[in-house]
1. Mind giving me the FRET efficiency for Phe72 and Ser19? R0 is 25 Å, r the Cβ-Cβ distance, nearest 0.05 is fine.
2. If I compute solvent accessible area with a 1.4 Å probe over the protein chains, what percent of it on the chain is carbon and sulfur?
3. With contacts defined as alpha carbon pairs under 8 Å and 6 or more residues apart, what's the relative contact order of the chain in percent?
4. Which peptide among 47-56, 19-28 comes first, and what is the full order, when sorted by highest mean count of other Cβ atoms within 10 Å?
5. Quick one: which residues, 5 or more positions from Phe233 or on another chain, have an amide H under 5 Å from its amide H? H modelled 1.01 Å from N in the peptide plane, none for Pro or chain starts.
6. State the answer as a single residue: which of Gln222, Phe235, Ser195 lies farthest towards the positive end of the charge dipole of segment 187-251, with beta carbon charges of +1 for Lys and Arg and -1 for Asp and Glu, about the Cα centre.
7. Too long at a 25 Å Cα-Cα cut-off: which of Lys2/Lys223; Lys2/Lys56; Lys2/Lys241?
8. For segment 16-157, what does the relative contact order come out to in percent, with C-alpha contacts under 8 Å and a separation of six or more?
Amino acid sequence: MKLVTWNTQECKGIDGKVSCARIVQGARRLADFDVLCLQEISDNDPDAYQTADITKLLPGFRLFFGAAEDRFEDGRRRRFGNLVATRLPVAQVQHHALPFPADGGTESTPRMCTVVTVLDPRLGPVRIMTTHLEFYSQRQRLAQARALRALHLEYFDQAQAPPQGAKDLAAEAILCGDFNSHPGTGEHAAVAETSERSTLWDAWTLVHGDLPHAPTFCVHEQKYLPRPVCFDFVFVTDGLKDQVRRLDVDGATQASDHQPVALELGTG
């Protein structure tokens with residue numbers, strides 16, 4: 001299985017140009033992906049119907065959009081969130097709102113996680129979980145990171161003791177997206193906390209060991225932070241960690257203010 005995850009900044013590049021085609025082309029250059037996870041996608045915006053645009057660019061794929069924000073402005077609906085596209089068979093799709101505790105005076109927006117269970121011909125059922133955590137509020141971001149780990153463990157427990165009649169429940173998962181926190185933070189530690197039930201492992205470390213994470217944000221412009229950092233991660237569960245063959249970052253593209261990340265699972 002090959003997966004690419006990318007915060008697209010509403011498909012807007014460093015040059016200010018909005019192009020869904022450029023995002024899809026950039027992702028394809030990085031990997032012949034089976035799963036594409038995109039964050040910061042606008043849908044039903046007066047000037048942006050990005051889910052429809054990306055659908056046309058991905059024949060043979062099914063797309064699932066999860067709105068973190070769904071609101072009306074001047075009578076017009078605006079949705080903003082995450083998208084998962086896959087050419088693999090799909091067993092289940094769910095969307096989960098993440099915690100949004102009050103943090104007075106701090107700019108923030110609601111966040112969510114889209115979960116798509118795919119059926120890989122070799123790996124079996126695998127949960128694809130993609131998310132985008134809060135940038136400005138550390139309180140909210142940490143609560144969201146803890147919720148993601150708890151959500152994974154809930155799915156894992158369901159797979160171990162499935163409800164009557166349930167099938168294709170996935171104990172194994174890939175969690176990816178923009179976590180708006182770097183590897184040394186409490187948020188990263190909360191997601192990757194060791195569990196006797198099921199641990200989420202940072203795939204970069206599985207491939208590259210102690211080599212510092214390649215930066216994925218503020219690489220080509222320092223609008224939000226003074227220096228490049230790694231904010232975008234892919235985590236895998238125990239049953240997938242030995243399958244990780246590749247974890248790469250495209251540091252050259254300027255199609256977004258984030259860099260895309262590619263994961264490859266397989267035996268060779």
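1. On the way: r = 27 Å, r/R0 = 1.07.
Approximately 0.40, to the nearest 0.05.
2. On the way: 5600 of 11780 Å².
Result for the chain: 48 percent of the exposed heavy-atom area is carbon or sulfur.
3. Values: 638 pairs, mean separation 52.5, N = 268.
Reported as a whole number, the value is 20 percent.
4. Working: 47-56: 16.6, 19-28: 19.9.
My ranking of the peptides, most packed first, is 19-28, 47-56.
5. Gly177, Phe179
6. Gln222
7. Numbers: Lys2/Lys223 31 Å; Lys2/Lys56 21 Å; Lys2/Lys241 14 Å.
Where the Cα-Cα span goes over 25 Å, the pairs concerned are Lys2/Lys223.
8. On the way: 256 pairs, mean separation 27.6, N = 142.
Across segment 16-157, relative contact order equals 19 percent.
The values are calculated or read from the model by the stated rules, or taken from the named source; none is laboratory data. Nothing here was measured: the structure is a model prediction, and the numbers come from that model. For neighbour counting, all protein chains shown are included, and Cβ atoms are generated from backbone atoms with ideal geometry for every residue, glycine included. Areas reflect the complete protein model, heavy atoms only, side chains present, ligands, DNA and RNA absent. Shrake-Rupley method; radii C 1.70, N 1.55, O 1.52, S 1.80 Å.
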